Ligand SMILES: Cc1cc2nc3c(=O)[nH]c(=O)nc-3n(C[C@H](O)[C@H](O)[C@H](O)COP(=O)(O)O)c2cc1C
């Protein structure tokens, strides 16, 4: 199937996950293009779309929300899957797990997905401007890269088979 993997990413961790998902879909025999959500273009060219977004102050990347709104009808006729990337998913408390689940549901509310997930992202204070640093400090987020590659790959492999 011809698939677009498109991502909204401010600091690169979501982009990295999108690239790994694309690799696995390709390995599963699909014809895959990967692009920043701002360059996604017309989605009618694809049979399936995988959408990835970082979470910022409880919401999706602004350009991802824009794409989902503008191309809602086109997306409705396709296979779609979505992943949210956040730091809540890196925590083990029931509250944080529930919060991470809520972020996957943000997508599910806007697009009919065969698969929706929340993945733990990354936090590098050095790369952030001061307000973002301050917000993450207030959230008591620990610096680090929490991306769980085996979990991400297993998720992509499931889509590769389901969309075959
Ligand atoms: C300004 C800002 C706000 C954030 N707000 C949240 C949040 O509300 N909940 C959360 O779990 N993670 C939050 N995060 C963490 C990001 O979702 C996480 O670092 C993610 O990996 C960022 O993706 P990116 O590297 O693709 O930009 C926030 C990060 C930033 C910079």
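The table that follows gives values for the structure above.
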| item | result |
| --- | --- |
| Matching residues, region 76-100, being part of a helix (DSSP H, G or I), touching a strand residue (DSSP E or B) at 6+ places or on another chain (Cβ under 7 Å) and more than 14 Å from residue 53 (Cβ to Cβ) | 90 |
| Unique match (being over 21 Å from residue 155 (Cβ atoms), at pLDDT 95 or above and away from the ligand (no atom under 14 Å from the Cβ)) among 33, 65 | 65 |
| So residue 57, is it without any contact (Cβ under 8 Å) to a residue 24 or more places away in the chain and loosely packed, with under 15 Cβ neighbours inside 10 Å | no |
| Qualifying residue in region 77-90 (condition: surrounded by fewer than 15 Cβ atoms within 10 Å (Cβ to Cβ) and either at pLDDT 90 or above or under 17 Å from residue 25 (Cα atoms) (or both)) | no |
| Test: residue 103 is modelled with pLDDT of 95 or more and assigned to a loop (DSSP other than H, G, I, E, B) | no |
| Pick from region 62-76, criterion touching a residue at least 40 places away in the same chain (Cβ under 8 Å) and out of contact with any helix residue (DSSP H, G or I) (no Cβ under 7 Å at 6 or more places or on another chain), ranking: surrounded by the fewest Cβ atoms within 10 Å (Cβ to Cβ) | 69 |
| Index of the failed condition, residue 50 passing every other in (1) part of a helix (DSSP H, G or I); (2) within 16 Å of the ligand (Cβ to nearest atom) | (1) |
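The values are calculated or read from the model by the stated rules, or taken from the named source; none is laboratory data. All figures in this text were calculated on a predicted structure; none of them were measured in a lab. Glycine gets a Cβ as well: all are built from the backbone with ideal geometry, and neighbour counts include every protein chain shown.
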